[in-house]
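Reading through the structure tokens given below for one structure.
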Amino acid sequence: MFKPLDALLQNQIRLQIMSLLMGVETADFNFLLEETQASRGNLSVQITKLKEEGYIKVEKGYKGNYPSTHCALTRKGRAAFVAHFEALKSYWEDGSGTGA
């Protein structure tokens, strides 16, 4: 039986953002921009969607005279990512461990 997938995490850029944040405490916008290869506008929109769902927290500030945006996973976001990954595994596992 297939487990339900998280619709929010089926978007490639949102999934990339979440994957990157799983491995770090916090990441700045420029790091996410470079790693995802998204446009600034698209990355900003996807970050906002994840923030609105409570999957990430976003802190804005300044580094010198330049604006700075940092993102980090929330507990809800970490749990959602793990659940999504487990649901994906159900698509290739048949319960016997053979994947057939």
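The values are calculated or read from the model by the stated rules, or taken from the named source; none is laboratory data. As the structure is a prediction and not an experimental result, all values here were calculated from the model. Neighbour counts run over all protein chains shown; Cβ positions are idealised from the backbone, glycine included.
Structure notes:
- Here Y91 meets each of (1) on the phi < 0 side of the Ramachandran plot; (2) free of Cβ contacts under 8 Å to residues at least 12 places away in the same chain; (3) over 16 Å from the mean Cα position of the chain (by Cα) with one exception, condition (2).
- Within region 85-100, considering residues that are in a loop (DSSP other than H, G, I, E, B) and among the hydrophobic types (A, V, I, L, M, F, W, C), the one modelled with the highest pLDDT: W92
- Of all residues in region 1-11, exactly one satisfies the criterion of being loosely packed, with under 12 Cβ neighbours inside 10 Å and polar (S, T, N, Q), namely Q10.
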